[in-house]
Amino acid sequence: MQNQAVGHSFSDTTEPTSTQAEPPAVQEDPIARLDRALHRISYALEKGKQTQQRQIMDAQELAANVDALISRVRDALTQTDRPEDK
């Protein structure tokens, strides 16, 4: 039987690439990297929720302003339709 190549081992995936600033001798703990990545994901999700909530509030405020404008236009039309104004 021939030796079959097995996928990359864990140590192969943690080696810095040429774009990373760390020398190969100083590798960061994979658990610390994972923890930081999870914190970044959590932060991004929370920012997305805040943005979505802000958009909902903006839409509600816009709807309230449109309702107020419709009411003012109706009042103005009602005043111009009165016979005593003619």
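Bear in mind that the values in this text are calculations on the coordinates, not laboratory data. Keep in mind the model is a prediction, meaning the values are calculated, not measured. Cβ atoms come from the backbone with ideal geometry, glycine included; neighbour counts cover every protein chain shown.
Observations on the model:
- Residue (of Val73, Gly48, Gln60) at the positive-pole extreme of region 33-81, dipole from beta-carbon charges: Gly48
- Close amide H partners of Gln27, meaning residues 5 or more places away or on another chain with modelled amide H under 5 Å apart, do not exist here.
- Between Gln52 and Arg74, the distance separating the two model label sites (each 7 Å from Cα on the Cα→Cβ line) works out to 3.4 nm.
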